[in-house]
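Participant: Take a look at this one; I'll ask things after.
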Amino acid sequence: MGRYFKSCSLSKQEHKVLDGLIASDGSIVWSSDYTCRFTCACKHSEFLRLIEKYLPSLKFGNLIHNKNGSYFLSSNSYLELNSLRNRWYPNDKKILPIDFQLTPEALLFWHLGDGHKRKNGGIVLGTYGYTMEDQMRIVKLLSELGFHCGMKKSSGHYYTVVIHSKSLKDFGTYISKCGIDIPNCYKYKFEGIPFGVF
């Protein structure tokens, strides 16, 4: 008797949401030799519920409340997630895929998952795990969208990608195009950012 594997059909929007999540703190991990699952940990259960809402093609188990106070979300295992694993983790190391696009959905979920506001009003995207080449590509993608941005040295040998304060209005206008609600737990990340639908 042959093996049976769960199947899913991700929409274009779900692919864009996943790109933003994986670019930040989400992961695609192997469940077996044949299937993968999406996982994400966060201190706010509200954010993980938002992820479930915008990834309707994936079925998720119950949230796990860890002893450190964070929550853990894991999807079922699917054959279709294998291509995402291979795209993001060639040689089992996370990279920025060559075909990655900074859609409104991807940029929004990247900021929600691993971004923060600077005291001077700019926005920092968490890019610590990426190579310098990948970070330069991120800056190029942001620049092509019309954002004033650059790289700033953080601690040690690490750099982060920064969207300058003069581009906050453009940032808000761009991410608002996807029409996705901002969860209450992360509204502080958007204070002072003028945007459309939110």
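Coordinate-derived values only; no laboratory data. Only a predicted model underlies this, so the values are computations on that prediction, with no experimental measurement involved. Counting neighbours? That spans all protein chains shown, and the Cβs are built from the backbone with ideal geometry, glycine included.
Participant: From the mean inverse distance of alpha carbon pairs (Kirkwood) and the Cα radius of gyration, derive Rg over Rh for the stretch 26-124.
Facilitator: Across the stretch 26-124, the Cα-based Rg/Rh ratio is 0.99.
Participant: Which residue fluctuates most in the GNM of the chain (Cα springs below 10 Å): K59, K117, K67?
Facilitator: K67
Participant: Sticking with this structure for a sec: Along the stretch 158-164, what does the Karplus equation 6.51 cos²θ - 1.76 cosθ + 1.60 (θ = phi - 60°) give for ³J(HN,Hα), rounded to whole Hz, x for Gly and Pro?
Facilitator: 8, 10, 10, 8, 10, 9, 5
Participant: I've got another one for you. Binning at 10 Å from 0, report for the stretch 8-48 what percent of all alpha-carbon pair distances ends up in each bin.
Facilitator: Cα pair-distance distribution for the stretch 8-48, in percent: 26, 50, 24, 1.
Participant: Between Y89, L73, S32, whose Cα lies farthest towards the positive end of the dipole of the stretch 12-92 when Lys and Arg beta carbons carry +1 and Asp and Glu beta carbons carry -1, centred on the Cα centre?
Facilitator: Farthest towards the positive pole: L73.
Participant: Can you give me the P(r) profile for the chain? Cα pairs, bins 10 angstrom wide beginning at 0, each as a whole percent.
Facilitator: With 10 Å bins starting at 0, P(r) equals 8, 35, 36, 17, 3, 1, 0.
Participant: Please express the shape of the stretch 104-190 as an equivalent ellipsoid: the semi-axes are the square roots of 5 times the eigenvalues of the C-alpha gyration tensor, given largest first in whole angstrom.
Facilitator: With the √(5λ) rule applied to the stretch 104-190, the semi-axes are 20, 14, 12 Å.
Participant: Could I ask something else about it? Taking each full run of DSSP H in the chain as one helix, which ones are at least 27 Å long along their axis (Cα atoms) and have mean Kyte-Doolittle hydropathy of at least -0.5?
Facilitator: Span-like helices here: none at all.
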